[in-house]
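Have a look at the structure below, then the notes.
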Amino acid sequence: MDNGSGDTGAPCAGAKRVSLNIAALSAVLFALTARAQTLDQQYDFYLATTSERCGNLGFARLAFGELVPGQAGPNLFAYCSGPPLVGGGGGNGSSSGGGAGTGESRSEGAQEDAALRRRREHLRKANDDTPAAADAADFDLGRFGATSAFLSLDYAHERQKTTFYEAGRRSHDLAGTLGLDHRFGTQALAGLALKYDEQSGVIDSGGDFHIHGHGVWAYGSWTPRDAMFVDMAAGLGLRTLHTARTVSREIFNVDRFGNVTSFFNPAPELARSDTHEHDVDAELRTGYDFSFSSVSVGPRVALTIKHTSLDAYVESGNTPMTLAFDSQRTTSLRSLVGFQATRAFTAAGTVWVPQLNTDWVHEYRDDQRVITAHFAEDLRPNPAQLRFQNTAPDRDWLLLRASLVAVFAHGVSAFTALESTAAHSYIDRYRASVGMRVEL
């Protein structure tokens, strides 16, 4: 599941398929290949009819195919007991889960806030050194304390397209960051920030999800020379995830005239779950600006790393298709290489600085993962294990950002920004940010 985004969960095949009575052949092929598949394929393999219902689960049985009591919970026991289903050789199980997010590790407004700090120091120094030539020669920046407080608010909309392994989804995210930092001379700064975010969305195959998160960040900035900067940050986050996904199997029959009919067994039901995700993030950013009068252009380079741990969890619901998921671990290592162009001007007693950024993002570490689970109602000591894959993360895409920084008198500054992804194979993400900084 951004913030972006690399996320965790139970993926889902996106395409419907018609399968006839070939479950026995599927079992043989699966045993031979022994490789991960989609969740739908794993549902079909274990729940389809061979010579008996759920034959590939290997339950011990009594007469007429009924399961020996004590092996399964009530829904799975009822579904897997009895004679084979008519036309029950195949079908399609529908599920859904997370995918690779594209958002930045820290509060997305952090870049604009860092630029705002640097712009204010640049103007202050320009006024001190050469007031007659400074862009803000008639602008009183004032001398407040070295400590500042800032607040930023972010809204993001994300559309993840359906892939072979996962159902598509739409989500909305609202995040807020409150920070306090201290300036050491004119070259260094250090601070702490608290972040809270709420994300909610719907799943194309049915269901929804809600995420509540909070975290703490430590960050710093160093300006070894006027045109160069180095920003560093590290943070810890905790997110609570609630998911309700619609699961079902559509079974197809073909009569002797070639007519196809279908029915659902199990019928569509919600499988609900709650779990926690723990995040550890770090990032390093640097850049250099070449100035041409009021215009500045310069390269930007960043490296981000994020380690995510998702706790094991068990779904609940009135269906035999609920699963018990094993814990999951992911590590994402990304580089961002791009440039920034700015132009500063003074109007109405305020310094305005529009900015344009373009970054090429490359993912080095995160790979397509194998997710493991077992049926939640399989009560045996060694339940049959499902193994299926998530969608492979995109390796390369672009981030485009336009922002406006405003430096006011009396120690007040503000920014607003718009950002979007481009050239990502299955995720479209749009973000808007606003923020304010006050020198205390």
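Tabulated data
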{"read-out": "Trypsin sites (Lys or Arg not before Pro) lying in DSSP loop within the stretch 323-402, provided at most 16 other Cβ fall within 10 Å", "value": "ARG365, ARG395"}
{"read-out": "For the stretch 329-440, size of Cβ-based charge dipole, Lys and Arg +1, Asp and Glu -1, in debye", "value": "120"}
{"read-out": "Accessible surface ranking that places the most exposed of MET228, MET436, MET321 first, with a 1.4 angstrom probe", "value": "MET436, MET228, MET321"}
{"read-out": "Unit charges at the beta carbon, dipole of the stretch 143-199: most positive-side option, SER152, GLN199, ALA175", "value": "SER152"}
{"read-out": "Whole-number accessible area per residue in Å² for the stretch 289-384, which is evaluated in the context of all protein chains at 1.4 Å", "value": "45"}
{"read-out": "Label point distance in nm, VAL438-ALA149, each placed 7 Å from Cα along Cα→Cβ", "value": "0.6"}
{"read-out": "Magnitude of the charge dipole, the stretch 230-341, Cβ model with Lys/Arg +1 and Asp/Glu -1, debye to 20", "value": "240"}
{"read-out": "Cβ-placed point charges (K, R +1; D, E -1), dipole of the stretch 147-233 about Cα centre in debye, nearest 20", "value": "160"}
{"read-out": "Counting all C-alpha pairs of the stretch 253-334, share separated by more than 17 Å (%)", "value": "72"}
{"read-out": "Gain upon complete extension [SER316, PHE164; 0.36 nm per residue less C-alpha separation]", "value": "52.2 nm"}
{"read-out": "Portion, in percent, of the accessible area of the stretch 150-239 that falls on carbon or sulfur, probe 1.4 Å", "value": "70"}
{"read-out": "For the stretch 156-216, radius of gyration divided by Kirkwood radius, i.e. Rg to Rh on alpha-carbons", "value": "1.26"}
{"read-out": "Tail weight of P(r) past 27 Å, computed on alpha-carbon pairs of the stretch 165-298, percent", "value": "52"}
{"read-out": "Pairwise FRET efficiency - HIS362 versus TYR288, Cβ, R0 = 25 Å, nearest 0.05", "value": "0.75"}
{"read-out": "Per-residue ³J(HN,Hα) for the stretch 216-225, Karplus 6.51 cos²θ - 1.76 cosθ + 1.60, θ = phi - 60°, Hz, x for Gly and Pro", "value": "10, 10, 10, 9, x, 9, 9, 10, x, 8"}
{"read-out": "Added length on full extension, which subtracts the Cα-Cα distance from 0.36 nm per residue, THR416 to PHE339", "value": "25.9 nm"}
{"read-out": "Heavy-atom accessible area order for VAL230, VAL254, largest first, 1.4 Å probe", "value": "VAL254, VAL230"}
{"read-out": "Order of exposure, largest accessible area first, which applies to SER148, SER293 with probe 1.4 Å", "value": "SER293, SER148"}
{"read-out": "Listed residues VAL370, PHE339, THR322: farthest to the positive end of the dipole of the stretch 320-382 (Cβ charges)", "value": "PHE339"}
{"read-out": "Environment charge at GLN71 (Cβ cut-off 15 Å; Lys +1, Arg +1, Asp -1, Glu -1)", "value": "-1"}
{"read-out": "Compactness of the stretch 328-440 as Cα Rg over 2.2 N^0.38 Å, two decimals", "value": "1.70"}
{"read-out": "Dipole of the stretch 243-376, positive end: most advanced residue of ALA271, ILE251, PRO299 [Cβ charges, Cα centre]", "value": "PRO299"}
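The values are calculated or read from the model by the stated rules, or taken from the named source; none is laboratory data. Not measured: the values here are computed from a predicted model. Glycine gets a Cβ as well: all are built from the backbone with ideal geometry, and neighbour counts include every protein chain shown. What goes into the accessible areas is simple: the full protein's heavy atoms, side chains included, and nothing from ligands, DNA or RNA. Shrake-Rupley method; radii C 1.70, N 1.55, O 1.52, S 1.80 Å.
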